[in-house]
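Quick notes on the structure that follows.
Read-outs: derived from the displayed coordinates by stated rules, not from any lab. Quick caveat, the model's predicted, so the values are computed rather than measured. Reconstructed Cβ throughout: ideal geometry from the backbone, glycine too, with neighbour counts over all protein chains shown.
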Ligand code: TRP
Ligand code: ZN
């Protein structure tokens, strides 16, 4: 690493973990809410932590104005103890050894809190975000997840709705009190106060507890809550049926907030959501939005057990709750909708985000061992790969073993702050399996590449696999991992000769034999994407097309088409080859096969994205040219459109959905296929049909899908203007308007479109959703963002510098658009290096962004890229 990129901020290491010397028996908080001067009074009963040597009282605290401090009722003069911008320390010799009551009154400024962490204001309401380390901006506290306590909270405010964690216990004019009986870490604390309305619901648990459900929103949004409520009820029911987990309070509240750094937050009994993931109606939300809302509601609800009742010992264990909860929400969505379609969707996301991360300068293990800013580790690796690792575990121990292990986990660790070692131990005990080698999935970064060789001789077929993982930053040595390889064998006539079985690969090179075969079989390897690896295999010609037509595993059927399309595109882009006829024929056969689920057909028609192709070219040892990639992909799309053209019009008409709108897999699948076909047709008719469909659209899926087709065809200005007028004032829809323009602009126009939109009166850049729509729309336009003159890089750098001063967390996350910069040609690398250097040199750059940019720039020391 170069000297000027060395982090100025210090790292926290897993190896340095020490238990806290004190435990907390009870917390009582009083909030006197005022926009600029909120007073927070805390009374905290500390006792010695059994088994841990006594120590100083170290409390975290940032940006707190001290009004008074006291121990056991005696005032403590802050001048006599160490108070720093990060917290305070009371030496052990000033503390009663058998415990004491700490009291503090501090003043904070919610209105001035633009970082959206701690207590802040959004649209006139007070709200909180404490994960990971936001509670320290509310009061002095041991802000670490292994310190758990019951909380009692009193809120004083004239606002009509006053909410906190747990159950409501008392209220009067201008105040309310809440009590949360379940010990919790501070990151799960929440408070909301505002002029809100509730969409009510109810749930009776399996053991008969009546739970009052409420979704709280601003009055204008009250008619867009029904779907979120239905989703919540389905989630509660599913967790009882599938995991045996019941809810444990009398109320469950969800609040929708407009200004929010991430998707949603699982605070005990009081989930807080980005309003984007709550509010939905057929006219304003796409099918994708409905599915995501259902999944995120489930995710946060499922955290009540996997995260809250059992939490993390420290933030290195983040995947303990996030990987598991993502895995659970994926299972839920698969059950509610189509399991194969969900799997394909998840793998596409995994590859686009996690593989990209794992192959670049930001690669880190599912359980990292060091961080500078923990907010930078809420990553695709921790979440999505963390979920994949659990899927592999389940595949290895079987469904019953998994269930026994989970029962033991809940039983043994309820109320604990646990570790990955605890998690693996319950699997070892419940199933008798040694997981020492499996643990490498948690500790070793990087995506393994799986090579395959086959041999056939006299009825015996042998598959030999090799595994190999490239070095990642800070980890050169990659010993072999356990890789579950789900395999099926097909006869050349398309019948299955060997139904799916799971091979367990544990060595660097390993062979598996299959005897008694009548003919050389066609292998279907890694069915269901049984492990998060890259399959490096150049199959015999025709094999992918054969599997696209015949594989009985829907995932691998899709995968065959996808891999074939990727290969064809790489040769089209790199060698100017023509679109391969067997690909076109295979896609045509799937697209027109009415026996297949329309959603599946839509997925098969989706060509690999441009970023995916850039990675494929890079892997093949070539320098990706973004313009050539765009042009090549466009040529293939046109060829496919022409091939299908005699039938496109009729298919699009047939797929129109009549009757009442339902946001289910069935209708959504039809609309998805219809829009995929419309995108093809637009390449032939210049958007004529898209304009007609747009004018008549009754759903947001079709309105937005057809508008995107128009933009890609280089038209759509009047429709964009009308769309804006119609939806002015609806934040979620206007966000979409900001997103699709740079995203679906022709590459050569993309930066100019983004620059123009950045001057639009509605571009409220301090709002994370709006910022992500516009800036993320540009960075999602591969050839547009990677414009040869560097304009995309400069635009992003300018906005990151500006946002960082207000909201470091969101700025740092968006800097990942640069993580692939070393893939490209010397000119682009030079432009990116300059933009990154400019960010790194910005005065007052946050720790968040400094860490990210430092790691991203370090890749430049190795010009071949990582
Ligand atoms: N724990 C949240 C989840 O369910 C994510 C989260 C972490 C978060 N930090 C946040 C949400 C900050 C909002 C703001 O995945
Ligand atoms: Zn989560």
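Miscellaneous remarks
- Alpha-carbon centroid distance for the pair the range 610-643 / the range 275-315, whole angstrom: 34
- Ordering 786, 760 by the number of other Cβ atoms within 10 Å of each residue's own Cβ, fewest first, gives 760, 786.
- Average Cα contact separation per residue, the chain, under 8 Å, 6 or more apart, as relative contact order %: 9
- Per-residue packing, averaged as other Cβ atoms within 10 Å, sorts the ranges 291-299, 582-590 into the order 291-299, 582-590, beginning with the highest.
- Only Cα pairs under 8 Å and 6+ residues apart enter the sum, and on that basis the relative contact order of the range 29-101 stands at 35 percent.
- With Cα atoms defining each centre, the range 771-792 and the range 458-485 are spaced 36 Å apart in the structure.
- Percent antiparallel among DSSP beta bridges (both partners in the range 12-195, rounded to 5): 90
- Taking the convex hull of the alpha carbon positions in the range 381-491 and averaging its projected area over all directions gives 9.4 nm².
- Likely footprinting exposure, 477, 289, fewest C-beta neighbours within 10 Å first: 477, 289
- Take every DSSP beta bridge whose two residues both sit in the chain; close to 80 percent of them are antiparallel.
- Its Cα gyration tensor gives the chain an equivalent ellipsoid, and the semi-axes of that ellipsoid, as √(5λ) in whole Å with the largest first, are 45, 32, 28.
- Residue exposure proxy: 366, 242, ordered by other Cβ atoms within 10 angstrom of their Cβ from fewest to most, comes out as 242, 366.
- DSSP beta bridges confined to the range 178-299 are antiparallel in about 50 percent of cases.
- Euclidean distance of C-alpha centroids, the range 52-68 and the range 435-453, integer Å: 42
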